[in-house]
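A.B. asks: After the structure tokens below, expect a handful of questions from me.
The values are calculated or read from the model by the stated rules, or taken from the named source; none is laboratory data. What you are looking at is a predicted structure, and each value in this text was computed from that prediction instead of being measured. Note: ideal-geometry Cβ built from the backbone for every residue, glycine included; neighbour counts use all protein chains shown. Quick note on the areas: whole protein, heavy atoms, side chains included, nothing else; ligands and nucleic acids left out. Shrake-Rupley method; radii C 1.70, N 1.55, O 1.52, S 1.80 Å.
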Amino acid sequence: MKKIIRGKNCSLVRFEAGDEKLVDLIFKLFHDENITGNLNPDYPLHKPKPTIRKWVKETAENPYGVWYIIKHKQDYIGYVCYKWREHYDESCEISTAILFEYRGLKLGYESSKLLADYVKGLKKFKYLVAYVHKGNQRAENNLRKFGLTKANRLQKTVTMALYNEDGSSGEYDLFALKLK
């Protein structure tokens with residue numbers, strides 16, 4: 001797995017345990033009321049820094065997910081990741097979150113596209129998927145720009161494999177791109 005993926009306006013740098021600047025970033029993201037409703041509820045949202053620090057360490061060492069810091073110039077502005085399950089590597093999920101003050105600068109799109117292109121090049125997964133909270137039009141538009149489309153037929157299968165749920169809650173739409 002690449003340690004750094006470089007783009008035109010941002011670069012992606014692998015998570016490392018012990019990076020206090022990263023802990024501060026994740027703490028800020030996981031307490032941002034504008035996005036916490038769109039983030040995975042399994043993340044330690046609205047938790048204290050020691051809990052976030054532990055989560056960052058575990059996430060950096062997880063063999064079934066690769067997490068990157070989004071860096072713009074020298075600033076940590078968000079994260080992007082791809083993850084899968086131990087016994088299900090047919091598809092991997094990508095996820096992105098960016099600090100409020102950096103939204104609207106096309107950095108979310110660029111960082112997601114950088115990661116999607118990298119994952120495509122791995123030739124490991126059949127599908128690249130992303131969950132979008134219903135009504136999050138910006139996220140849908142960004143995913144469509146680099147080829148993902150709404151995948152209602154795949155939603156139950158992929159959600160059951162990744163989260164042990166059938167995906168029928170109606171809160172999220174699944175977008176997918178066939179890679180193989």
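A.B. asks: In this structure, does Lys134 turn out to be within 21 Å of Lys178 (Cα to Cα), surrounded by fewer than 20 Cβ atoms within 10 Å (Cβ to Cβ), touching a residue at least 12 places away in the same chain (Cβ under 8 Å) and over 15 Å from the mean Cα position of the chain (by Cα)?
C.D. replies: Details: within 21 Å of Lys178 (Cα to Cα): no; surrounded by fewer than 20 Cβ atoms within 10 Å (Cβ to Cβ): yes; touching a residue at least 12 places away in the same chain (Cβ under 8 Å): yes; over 15 Å from the mean Cα position of the chain (by Cα): yes.
Answer is no for this residue.
A.B. asks: Within the stretch 8-52, restricting attention to residues that are within 18 Å of the chain's Cα centre (by Cα) and of a type in the set (Lys, Arg), which residue is farthest from Ile94 (Cα to Cα)?
C.D. replies: Residue satisfying both the conditions and the ranking: Lys28.
A.B. asks: Could you tell me which residue of the stretch 158-180 is nearest to the chain's Cα centre (by Cα), considering only residues that are among the small types (Gly, Ala, Ser) and buried (at least 18 other Cβ atoms within 10 Å of the Cβ)? Reasoning before the result, please.
C.D. replies: Let us first name the residues in the stretch 158-180 that are among the small types (Gly, Ala, Ser), namely 161, 167-170, 176.
Remaining after also requiring buried (at least 18 other Cβ atoms within 10 Å of the Cβ): 167, 176.
On the way: Gly167: 18, Ala176: 14 Å.
Looking at the filtered set, the residue picked out is Ala176.
A.B. asks: Further, regarding this structure: Return the only residue of Glu58, Glu110 being assigned to a helix (DSSP H, G or I), free of Cβ contacts under 8 Å to residues at least 24 places away in the same chain and of a type outside the set (Lys, Arg). So that I can check it myself, show each step before the final result.
C.D. replies: Details: Glu110 fails: free of Cβ contacts under 8 Å to residues at least 24 places away in the same chain.
The match here is Glu58.
A.B. asks: Then there's this: Of the conditions (1) part of a strand (DSSP E or B); (2) aliphatic (A, V, I, L, M); (3) in contact with a Leu (Cβ under 8 Å, 6 or more places away or on another chain), Val119 clears all except one; give me its number.
C.D. replies: (1)
A.B. asks: Is the stretch 23-38 home to any residue that is of a type in the set (A, V, I, L, M, F, W, C), touching a residue at least 24 places away in the same chain (Cβ under 8 Å) and either open to solvent by 40 Å² or more (accessible area, probe 1.4 Å) or closer than 25 Å to Leu179 by Cβ (or both)?
C.D. replies: Residues of the stretch 23-38 of a type in the set (A, V, I, L, M, F, W, C): 23, 25-27, 29-30, 35.
Then drop every residue that is not touching a residue at least 24 places away in the same chain (Cβ under 8 Å), which leaves 23, 25-27, 29, 35.
Checking the rest, the ones that are also either open to solvent by 40 Å² or more (accessible area, probe 1.4 Å) or closer than 25 Å to Leu179 by Cβ (or both) come to 27.
The answer is yes; a qualifying residue exists.
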